[in-house]
Structures are given as structure tokens and as C-alpha cells.
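Encoded as C-alpha cells, the structure appears first; notes follow it.
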Amino acid sequence: MTRLPPKARGVLIGTLTAGTTVLAAAAVKAAGAPYATLALLGAAVVLTELIQIQNDERSPDPGDAHSLSFSSGIHIAAVLLVGPWTAALVAAFGVVVVDLLRGSSRLKVAYNASAFAISILAGGLAFEALGGVPGNHLQFSSDFAAIGALVVVAYILNTLFMSAIVAFNDGASLGPLTRAAGIDGLQSAAAEAGLGVAIAWFGAHDPWAIVVLVPLALAVYQSYARLATLRRETVRALETFANMVDERDNSTFRHSARVADYVEELAEALGFPSTEVARLRWAGRLHDLGKISVDASVLRKPAKLDEEEWQAMRRHPRLSARLLRRFRFAAGESRAVEYHHERADGRGYYGIDPGDIPLAAHFLIVADSYDAMTSDRAYRLGLSNEEALAEIEGNLGTQFHPIVGKAFLALRRGENVLAALTDEERLELRGLLSSTRRPVLRRRELPTDYIAVAGVIGALVAISAGFPLLAVPAVLLAAAGLALLRVSDYRKRRLVRGLTAVLDGERGRDATFSQLAAVIAGACDLRWAGLVGWRERECTGSIELEWQGGSTAPSETSLTSWLLREAETADGLPVAQGAELGREDLYIAVPLYDGEVIGGYVVLAVGGRLPLSVCQALSSCAAAMAADLMRGDPSAVVQLPLTAAAG
């Protein structure tokens, strides 16, 4: 305990003190509890603690960072059956018995038992405060809010306890870590809560019916276990793939593993949350997968590479990103992997604007460069540690991000990384980290059939609950949804007719594109449109035709980067928030197939919300658009005027 940081030690002592007090009081209050029920709950909580899917904090998938068991369900059932104080004893009992048998340290067992006891007691007290009565009085219609309070309070407190000890021990920010842990564990927590309520219901009305839940719970457990196994096998397969890429050249043997270690050490020294450390580590581990497309003779060539060989080398970051984008757990880091040969001054492989380079990419840039400099290559001997660090120091702000590079230098020289940064630098780094995980809100219309279905379900629920008057607004909602559905279908058919009329005419490609953009502009707030020629082999694209332009037009580099990552993974037409392309509007891409290969895209920048009817019409006309627009190969961009029909 003495080795813990002061804040972590304070959290530990405070939790143990509060937990001991709660359990002592619970032992007194539970004296009159029915022993048979208590014994059954004790057996159930021990069993559920034993059959759990262990967490894997080194996995890049957030779902693997949380263990899954049904013990929380038993805790909730205990509150509903025997009350919050007895439930606190049940929760602590399961942790103490199982974790001690597994050899966990007594301090860890005591902390977890205290945290569980306090969390479930607080949730139980919230349940009672909202009118919930433990025992045989469970009624969903009247106890719904009380049960919700029980689940929410217990989950939030337990998440906070577990995040606090990790955050203060690692020097990370408590808020972001708690939010990430809460969001990542929400799905499994909801499943466990549902099981707990079901157990309590059957236990109160017909205890033998609980037997029916056992095979269902085991089936859910097996499904989660298989899913976790599949995720981890996929990660290990990619890791093996990365090793194969490294081993194609003796000078890069274990290169990606070393880069991953450097990135992980730096992220931990900066106090990043464990989930973020895992993501960064795996980005480093898999950053060179695209080199599988580069001939081994090029990788081992001692002389200067010619232009064709350089093109092959410059392509590999984008191929790495394309591979990773297909895997959900690695998709978030695909852009960082794509940019790991960029520079802080914007003069890297693809010339990415410095403001568009994510923080994770800067970690990869400095770690990858350091390992390359300190390793022997076919064309030179490796530098010493200090020589490589001096090279990094001399290029801060140009090749390397000034703060990330400064932190890396401190780490490799054995200094305290956080102490080496100023307060302003630490604050800036924290801001960059939080912006990396900011959710992207895509402004699309809600499918109108969802509105209609929601109204129907609402009406049926209101009638079944004995509130027929509440069914009236639900029916009106369903009617409104049906009306909107008809309107959306009409708009789609009208737009399809307009696009088809343009495509059926005898015009040149330039005029066809101009007229298509004008028709689309009549159906939505179209700000810009571009015809992007796509070269699959080179992983590059170029804007061949434009409608409108100015500040709404994205750069070819950002456009290519987005299309490369999204084209083969998007569900339907790829859609991106403008921030992803350095702009403000919403972007949608229509792939134009030349046979089975994508030959180009029609890309549209739309202001406001993207009407669903527009997406559906574009999907319907994509094949015809490809047939008309894939003709010719202009060598220069043609600026097309805004026609009167565009509006």
C-alpha cells in the first residue's frame, strides 16, 4: 500500500473503511433474514463469480476490458428479494470466497468486496427511496422507476470505484476513464440487470421457475465466451500477420513489436487510460501490415529506391489502414496507422495538414522513427540511443510533434515524463486525447418506418398497461410515421426520375455531371459535388470534375484518405461528418463500379441533414451513373458553373 500514489492510497483506505462499516451494519440488520433464501443467494453468487469471462486489458477491443459474469444480476435479485443490507453481504461474500480461492491479493479482495457492498447498498437504498419494497411485492408497473434507480446507481458507483483506483494509481484523468469504462460495460451490465430482475420475479412468485433461467443464462454465457474467443483469435491472427511482415526483412525483425512497446511505455508514462494504452499499443503492433504488398527485394535493397519502388513504399500506410478498417476493434486507429509517415509540419508521405493528424499517429511517428534509426538496415548501421534522441530533439516541431517528441525523449532518457512537460503542455496533450475519442454524430434523417413502428409499439404497450388514453398519441405518431414514409418514397421516386432523365440523355460527361448535381441540389442543400477518379492499385484518387467549390471542397488528400478507409466497410453509401475531411458539411460518396472494381466516386457535400430519400435514390441510380460517368479520362479539373435549376 505504501507504494501507491497518495490519491490511490486515499481511495483505498476510504473504500475499505466505508466497506467495513457497511458490512458490519449489514451483519446486524440481516440477522432476521430467511436463512434458506440467504443460503441460496450465497450459492448463486459464488457460482456466478466462478463462471465468468475474464477481462483482457491488453486487447484493443473495449469489450475485452471488462469481465463478464452474472454476479451483478444476483446482487440485484438479492436487493429485490431480501433488501439492500442483506444484498450487500451477499455481494461481498461472493467476491471474498471466489477471489481468495483464485489467489488474488487480500488487499484487492477487500477493496472489491467493499466496492461491491457499497454500490449495491446505495442502489438498494435508492430502490426503497422511490417506493420499492423488497420481498414479495415486486410489481413492474409501479416499481419500474425504483428498479431503474437500483440498477443505475449500483452500476455508476461500481464503475466509479473501479475507475478511481486505476486512474489515481496510473496518474490518469478520472472523468474520461470513468466515462469510457461506463460506456464500454453498459451492454453487459444491462444483460446482468435483466437477469437479476427475472430471478427476483420468479423467486417471489414461483421459485422453481428459476430453473428455466439456468439454461438461458448458460446459453448467454457461452455466446459471450465464443464471441470473446473469436475477437481474441482475430487479434492474435493479425499479430502473427504482423510478425510475418517483419520477418520478410532481417533488419526489421520484431520491428512492430518494439514500436508497440515504445508506444505503450509512453502512453502509460503519460497516465493514459488502460483502454487507450491498449489501442495505441495495437496500432503500433499492426502499423506495417501494408508492407505485405511491397516486394521483399525492395525492403532489403541497399541502394537508393527508384521512383516506382518509392511509390510502393509510400502506398503501404494506406494499405495498412484499409486492412485495419475492416476490423471493428482496430477501425478507430486506422487513420493513425495511415498517417504514421506524416510529419508535424505537413511534409510527410501524403502531405496531411498538421491539424488533421491524430494524436495516436504522432506516437507512431516518433516510435517508428526511433526504432528505424537505432536498427541496422541494409543501407546503413543503426545509431546509438543518444544519437537517435539527438536527431529527434533536433526535429521537434518539424518531423515530430513538439510535446509528444519531448515526452518520448524524457522517457528514453529515464526521466519523469509528466515532470518534463509544463502544465500547458500536459493540458494540451489531454485535450488532444479527449478529442481523439469524441463521437461523430452523423446528421441523417431518422428512417420514417422507425417512427411508425415506434407508434404502433407505444399504442400496444399503453393498452396492455391499462392506459388506453395514452394509446391515442401513439397512434397519431404511427400515422405521422406512415405519412412521412409516403412523402419520403414520393421524393425518392421524383429524384430517381430526374436523375434517370439526365442519364438517358445524349450529353458529354461534363454536362451529365453538371446536370446530375443540379438535380440533386433541388432535393437537398447541396454545397459541392465532385467526380473522383479512383486508382485501386495505387490507393489514390483525384478530383476530375467539380460542381461549385470554394471552402466546401475538400482536399484530394483528405478525400482519398476517407474513401480508402470507408469504401469497402461502409454499410450502404459511405457518409462522413465534415470534420473528418477538414470541412463543416456532411459528405456522402456513391461508388461507381467498373465491372467488379471501383473506378470512381461521386462525392457530395450536403448542408444540414441528409434526406433519406436522397440516399435511396442515389443507391438506385449508382449503376447508371457509373455507366455514364466512367467514360473518358480528363487530365485537368473542370470547374462547372452553378445552373439556375440548382437553386
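The values are calculated or read from the model by the stated rules, or taken from the named source; none is laboratory data. Given the structure is predicted, the values throughout are model-derived calculations rather than measurements. We place every Cβ from the backbone using ideal geometry, glycine too, and count neighbours over all the protein chains shown. The area values use the complete protein model at the heavy-atom level, side chains included, leaving out ligands, DNA and RNA. Shrake-Rupley method; radii C 1.70, N 1.55, O 1.52, S 1.80 Å.
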| Would a scan of the range 64-76 turn up a residue that is modelled with pLDDT under 85, part of a helix (DSSP H, G or I) and open to solvent by less than 10 Å² (accessible area, probe 1.4 Å)? | yes
| remark: The residue that is nearest to residue 616 (Cα to Cα), considering only those in the range 494-530 that are crowded, with 18+ Cβ neighbours inside 10 Å and free of Cβ contacts under 8 Å to residues at least 60 places away in the same chain, is 498
| field | Positions within the range 481-530 being out of contact with any Leu (no Cβ under 7 Å at 6 or more places or on another chain) and among the acidic types (Asp, Glu), in sequence order | value | 489, 504, 506, 525
| Those residues of the range 347-385 which are more than 21 Å from residue 260 (Cβ to Cβ), assigned to a helix (DSSP H, G or I) and at pLDDT 85 or above, in sequence order | 354
| field | Subset of the range 419-434 [open to solvent by less than 60 Å² (accessible area, probe 1.4 Å) and in contact (Cβ under 8 Å) with a residue 40 or more places away in the chain] | value | 429, 432, 433
| If you take the residues in the range 549-591 that are open to solvent by less than 30 Å² (accessible area, probe 1.4 Å) and of a type in the set (Val, Ile, Thr), which one is modelled with the lowest pLDDT? | 552
| request: Answer yes or no as to whether residue 405 is more than 21 Å from residue 319 (Cα to Cα) and out of contact with any Gly (no Cβ under 7 Å at 6 or more places or on another chain). | output: yes
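Which members of the range 277-299 meet the condition of being free of Cβ contacts under 8 Å to residues at least 24 places away in the same chain and under 8 Å from residue 316 (Cβ atoms)?
294
Being aliphatic (A, V, I, L, M) and farther than 10 Å from residue 539 by Cβ is the filter here, so list the residues in the range 303-329 that pass it. Spell out the reasoning first.
We begin by selecting, within the range 303-329, every residue aliphatic (A, V, I, L, M); these are 303, 305, 312-313, 319, 321, 323-324.
Answer for the range 303-329, where residues must be aliphatic (A, V, I, L, M) and farther than 10 Å from residue 539 by Cβ: 303, 305, 312, 313, 323, 324.
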| task | Starting from residues that are at pLDDT below 80 and buried (at least 16 other Cβ atoms within 10 Å of the Cβ), keep the ones in the range 252-275 and report whichever is farthest from residue 176 (Cα to Cα). | result | 252
| message | in contact (Cβ under 8 Å) with a residue 60 or more places away in the chain and within 18 Å of residue 47 (Cα to Cα): which single residue out of 225, 219 fits that description? | response | 225
| field | Subset of the range 592-612 [surrounded by fewer than 22 Cβ atoms within 10 Å (Cβ to Cβ) and either of a type in the set (A, V, I, L, M) or assigned to a strand (DSSP E or B) (or both)] | value | 593, 594, 597, 598, 599, 612
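Do the conditions hold for residue 225, that is, is it within 27 Å of the chain's Cα centre (by Cα) and among the aliphatic types (A, V, I, L, M)?
So residue 225 fits the description; yes.
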| The one condition in (1) part of a loop (DSSP other than H, G, I, E, B); (2) more than 20 Å from residue 380 (Cβ to Cβ); (3) of a type in the set (Lys, Arg) that residue 301 fails to fulfil | (2)
| Would you say residue 372 is under 30 Å from residue 297 (Cβ atoms), surrounded by fewer than 18 Cβ atoms within 10 Å (Cβ to Cβ) and hydrophobic (A, V, I, L, M, F, W, C)? | yes
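Results for (1) touching a strand residue (DSSP E or B) at 6+ places or on another chain (Cβ under 6 Å); (2) open to solvent by 20 Å² or more (accessible area, probe 1.4 Å); (3) on the phi > 0 side of the Ramachandran plot; (4) modelled with pLDDT under 90, shown as yes or no for each residue.
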position	(1), (2), (3), (4)
31	no, yes, no, yes
60	no, no, no, yes
82	no, yes, no, yes
88	no, no, no, no
96	no, yes, no, yes
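For every residue, the table says whether it meets (1) under 20 Å from the mean Cα position of the chain (by Cα); (2) without any contact (Cβ under 8 Å) to a residue 40 or more places away in the chain.
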{"site": "259", "(1), (2)": "no, no"}
{"site": "264", "(1), (2)": "yes, yes"}
{"site": "267", "(1), (2)": "yes, no"}
{"site": "307", "(1), (2)": "no, yes"}
{"site": "325", "(1), (2)": "yes, no"}
{"site": "330", "(1), (2)": "yes, no"}
{"site": "333", "(1), (2)": "yes, no"}
{"site": "353", "(1), (2)": "no, no"}
| request: Taking the residues in the range 435-477 that are under 30 Å from residue 174 (Cβ atoms) and open to solvent by less than 70 Å² (accessible area, probe 1.4 Å) as candidates, determine which candidate is modelled with the lowest pLDDT. | output: 436
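Which is open to solvent by 60 Å² or more (accessible area, probe 1.4 Å) and assigned to a helix (DSSP H, G or I), of 200, 190? Full working, then the answer.
Details: 200 fails: open to solvent by 60 Å² or more (accessible area, probe 1.4 Å).
Among 200, 190, only 190 is open to solvent by 60 Å² or more (accessible area, probe 1.4 Å) and assigned to a helix (DSSP H, G or I).
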| request: Please enumerate the residues belonging to the range 334-346 that are modelled with pLDDT under 90 and open to solvent by 10 Å² or more (accessible area, probe 1.4 Å). | output: 335, 346
| Filtering the range 203-238 down to residues that are of a type in the set (Gly, Ala, Ser) and open to solvent by 40 Å² or more (accessible area, probe 1.4 Å), which residue is nearest to residue 80 (Cα to Cα)? | 219
| query | Scanning the range 105-155 for residues that are more than 23 Å from residue 27 (Cβ to Cβ) and hydroxyl-bearing (Ser, Thr, Tyr), which turns out modelled with the highest pLDDT? | reply | 155
| query | Which of the residues spanning the range 617-647 are of a type in the set (S, T, N, Q) and at pLDDT below 90? | reply | 635, 639, 643
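Just give me the residues in the range 103-151 being assigned to a loop (DSSP other than H, G, I, E, B) and either surrounded by fewer than 20 Cβ atoms within 10 Å (Cβ to Cβ) or of a type in the set (Ser, Thr, Tyr) (or both), in sequence order. Quick ask: steps written out before the conclusion?
The first filter runs over the range 103-151 and keeps only residues assigned to a loop (DSSP other than H, G, I, E, B), leaving 103-105, 130-139.
Once the filter is applied, which keeps residues that are assigned to a loop (DSSP other than H, G, I, E, B) and either surrounded by fewer than 20 Cβ atoms within 10 Å (Cβ to Cβ) or of a type in the set (Ser, Thr, Tyr) (or both), the range 103-151 yields 103, 104, 105, 130, 131, 133, 135, 136, 137, 139.
Answer with yes or no whether residue 310 is closer than 17 Å to residue 263 by Cα, of a type outside the set (Lys, Arg), out of contact with any Leu (no Cβ under 7 Å at 6 or more places or on another chain) and in a helix (DSSP H, G or I). Give the steps one after another, and end with the answer.
Values: closer than 17 Å to residue 263 by Cα: no; of a type outside the set (Lys, Arg): yes; out of contact with any Leu (no Cβ under 7 Å at 6 or more places or on another chain): yes; in a helix (DSSP H, G or I): yes.
When the stated conditions are applied, residue 310 does not pass them.
Look at the range 521-536 and say how many of its residues are under 23 Å from residue 560 (Cα atoms) and in a helix (DSSP H, G or I).
Summing the residues that are under 23 Å from residue 560 (Cα atoms) and in a helix (DSSP H, G or I) in the range 521-536 gives 0.
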